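A.B. asks: Would you mind keeping the following structure in view while I ask a few things?
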Amino acid sequence: IVDHALQVLKDLITQGFEVESRDNKFFRTRIMPYRTMQNVIDGVVVTFEDITEFNRYRLTAQRLSVIMDSKDAILIQDKKGVISFWNQGAACMYGYTESEALKMNIKEMIPEENRKESLKLIDKAFTGKLFDRLETFRVTRSGDVLKVWVMVLALRDEKDMTNGVVTIERAIPETE
């Protein structure tokens, strides 16, 4: 900060930058020339604005952006299988637009012979039991059956109650 303050005194141009404190808080810092009533430069004024929460939200937004742009299909659904989130990877993999998918139930995408096993995995997430990923199938918009890996994660609210599940789904390439 001292170097910045000396530079402001030298060229009389306000400087702004972010700093992190020892206790991991972030501050937007501004250093500007201090002018007296007689318009004489008599030091600098340093301001600190706590932006810790803003940075936390910015980091969350960056992470969400990565999720939205993932090539894997990422879906959020409730206990009944109603889809409430559909990323671009899901749209590319399965052929449904987001607006179409948000009117669907995951059951519509699971072939009848695989439905019980797939839904059991989602039920386990709601009970908090541990599980592994599942190799299963999904039906695309065009009616093709796609072999996929599905991993299910519980979504918990502020009371630690499971109120939904996230599925991360990746197509398994067909071997020749």
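A.B. asks: Under 30 Å from MET151 (Cα atoms) and either loosely packed, with under 11 Cβ neighbours inside 10 Å or in contact with a Phe, Trp or Tyr (Cβ under 9 Å, 6 or more places away or on another chain) (or both): is that true of GLU18 in this structure?
C.D. replies: No.
A.B. asks: Out of GLU113, GLU100, report the one residue that is open to solvent by 40 Å² or more (accessible area, probe 1.4 Å), free of Cβ contacts under 8 Å to residues at least 24 places away in the same chain, assigned to a helix (DSSP H, G or I) and not aliphatic (A, V, I, L, M).
C.D. replies: GLU113
A.B. asks: Just name the residue that is surrounded by the most Cβ atoms within 10 Å (Cβ to Cβ) out of those in the stretch 145-176 that are closer than 21 Å to ALA125 by Cα and of a type in the set (Asp, Glu).
C.D. replies: Within the stretch 145-176, the match that is surrounded by the most Cβ atoms within 10 Å (Cβ to Cβ) is GLU169.
A.B. asks: Go through (1) of a type in the set (Ser, Thr, Tyr); (2) loosely packed, with under 12 Cβ neighbours inside 10 Å; (3) farther than 25 Å from LYS71 by Cβ for SER142 and report which single condition fails.
C.D. replies: (3)
A.B. asks: On to the next question. Hey, among GLU100, GLU117, which residue is under 22 Å from VAL139 (Cα atoms) and out of contact with any strand residue (DSSP E or B) (no Cβ under 7 Å at 6 or more places or on another chain)?
C.D. replies: Within the list GLU100, GLU117, the selection yields GLU100.
A.B. asks: Mind listing just one residue for me: the one in the stretch 149-176 that is in contact (Cβ under 8 Å) with a residue 60 or more places away in the chain and among the aliphatic types (A, V, I, L, M) and, of those, nearest to ALA73 (Cα to Cα)?
C.D. replies: ILE168
A.B. asks: Consider the stretch 30-42. How many of its residues are open to solvent by 50 Å² or more (accessible area, probe 1.4 Å) and in a loop (DSSP other than H, G, I, E, B)?
C.D. replies: Summing the residues that are open to solvent by 50 Å² or more (accessible area, probe 1.4 Å) and in a loop (DSSP other than H, G, I, E, B) in the stretch 30-42 gives 4.
A.B. asks: Let me ask something else about it. Any residue at all in the stretch 22-29 that's at pLDDT 90 or above and surrounded by fewer than 13 Cβ atoms within 10 Å (Cβ to Cβ)?
C.D. replies: Yes, the stretch 22-29 contains at least one residue that is at pLDDT 90 or above and surrounded by fewer than 13 Cβ atoms within 10 Å (Cβ to Cβ).
A.B. asks: Sticking with this one: With (1) surrounded by 11 or more Cβ atoms within 10 Å (Cβ to Cβ); (2) at pLDDT below 95 as the list, and VAL45 as the residue in question, which single condition is left unmet?
C.D. replies: (2)
A.B. asks: Scanning for something in contact with an Asp or Glu (Cβ under 9 Å, 6 or more places away or on another chain), in a helix (DSSP H, G or I) and in contact (Cβ under 8 Å) with a residue 12 or more places away in the chain, does the stretch 54-75 turn up at least one residue? I'd like the intermediate steps shown before the answer.
C.D. replies: The first filter runs over the stretch 54-75 and keeps only residues in contact with an Asp or Glu (Cβ under 9 Å, 6 or more places away or on another chain), leaving 55, 72-75.
Next cut, in a helix (DSSP H, G or I) only: 55.
Subsequent filtering for residues that are in contact (Cβ under 8 Å) with a residue 12 or more places away in the chain retains 55.
Within the stretch 54-75, one or more residues are in contact with an Asp or Glu (Cβ under 9 Å, 6 or more places away or on another chain), in a helix (DSSP H, G or I) and in contact (Cβ under 8 Å) with a residue 12 or more places away in the chain.
A.B. asks: Test LYS80 against the stated conditions and say whether it is exposed (fewer than 13 other Cβ atoms within 10 Å of the Cβ), under 15 Å from VAL152 (Cα atoms) and not hydrophobic (A, V, I, L, M, F, W, C).
C.D. replies: yes
The values are calculated or read from the model by the stated rules, or taken from the named source; none is laboratory data. These numbers come from a predicted model, not from an experiment. FYI the Cβ positions are ideal-geometry reconstructions off the backbone, even for glycines, and counts take in every protein chain you see. Protein only, heavy atoms only, side chains kept; ligands, DNA and RNA dropped before computing areas. Shrake-Rupley method; radii C 1.70, N 1.55, O 1.52, S 1.80 Å.
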